[in-house]
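Single-structure report; data block below.
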Amino acid sequence: MSRPPGRATPLLVVAALLVLLGAGNAHAAGYRYWSFWEGDGGKGWTYAAQGPSSVRPDDGAVQGFRFSVSEDSRDAAQPRRAPDFGTVCADTPEKDGLKRIALVIDPGTAADAPDGEEAPAPRTACARVAPDASTAEALASVAKPLRYDSSAMLCAISGYPRSGCGEQVAGQPEAAKSDGTAPAPAADGARGASGDGGPSAGVLTGVGAVLVLGVAGVLRARRRR
């Protein structure tokens, strides 16, 4: 004998609610990698639009690198030291025919480190290189060994990390950002969760719609009895 439809409908409603609420609490996956930054005239850091092999900074420029886990460039963690050329290159005098590039190298925190590895301490260096040298060449002059993948993505600075390159890792709750800062604002609907960590308006709307449809199904089933 078949089960009356009125009993199955509430179970379907509950299952749908669990799926929707679970979607609201899921965390997007991130990627573990070295991000590349350019000093913005002493005002702060700007995420570089090109890779370090393509950028040929002028004398007096500040370039930064930060190892962290992030979803994309909008929430990537910046180097934790200010882009101060005067401080970084204070002990490196000018030399004819060469330019000086200040480098800030921040390997991130313990939360960013791959399993079995410990993040080195952040450091700075002043590279004195040829006038047409790229940022990658400046970095290689002070922070070997560097490691790149087949697509020229920077994978390791001074041998850290030992392996891996831009690998995907499990997402983190917004409150657990590796640098302790608030998450970057995202476009509506991009994150699937509200600012307080609860379900977004879209998820709540979906829950309401499922409830309405479920109640209507129960009423129709009862009328058929």
Identity of the residue in segment 67-89, touching a Cys at 6+ places or on another chain (Cβ under 9 Å) and crowded, with 19+ Cβ neighbours inside 10 Å, that ends up farthest from TYR160 (Cα to Cα): CYS89
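Mind listing just one residue for me: the one in segment 115-125 that is in contact with a strand residue (DSSP E or B) (Cβ under 6 Å, 6 or more places away or on another chain) and open to solvent by 20 Å² or more (accessible area, probe 1.4 Å) and, of those, farthest from PRO52 (Cα to Cα)? Talk me through it step by step, then tell me what you get.
Let us first name the residues in segment 115-125 that are in contact with a strand residue (DSSP E or B) (Cβ under 6 Å, 6 or more places away or on another chain), namely 120, 122-125.
Applying the additional criterion that residues be open to solvent by 20 Å² or more (accessible area, probe 1.4 Å) yields 120, 122-124.
Working: PRO120: 21, PRO122: 19, ARG123: 18, THR124: 17 Å.
Out of the qualifying residues, it is PRO120.
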Within segment 107-158, tally of residues that are within 24 Å of GLY60 (Cα to Cα) and touching a residue at least 40 places away in the same chain (Cβ under 8 Å): 15
Number of positions in segment 96-108 that are part of a strand (DSSP E or B) and not basic (Lys, Arg): 6
Some residue of segment 37-45 being modelled with pLDDT under 50, among the basic types (Lys, Arg), open to solvent by 80 Å² or more (accessible area, probe 1.4 Å) and out of contact with any His (no Cβ under 6 Å at 6 or more places or on another chain): no
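Name the one entry in ASP96, ASP112, ASP149 that is over 20 Å from GLY39 (Cβ atoms) and either open to solvent by less than 30 Å² (accessible area, probe 1.4 Å) or among the β-branched types (Val, Ile, Thr) (or both). Please lay out each step first, then the result.
On the way: ASP96 fails: either open to solvent by less than 30 Å² (accessible area, probe 1.4 Å) or among the β-branched types (Val, Ile, Thr) (or both); ASP149 fails: either open to solvent by less than 30 Å² (accessible area, probe 1.4 Å) or among the β-branched types (Val, Ile, Thr) (or both).
Sole residue among the options that is over 20 Å from GLY39 (Cβ atoms) and either open to solvent by less than 30 Å² (accessible area, probe 1.4 Å) or among the β-branched types (Val, Ile, Thr) (or both): ASP112.
The values are calculated or read from the model by the stated rules, or taken from the named source; none is laboratory data. Since we're looking at a predicted model, the values are computed, not measured. Note that each Cβ is placed from the backbone with ideal geometry, even for glycine, and that neighbours are counted across all protein chains shown. To get the accessible areas, we keep the full protein, side chains included, count just its heavy atoms, and leave off ligands, DNA and RNA. Shrake-Rupley method; radii C 1.70, N 1.55, O 1.52, S 1.80 Å.
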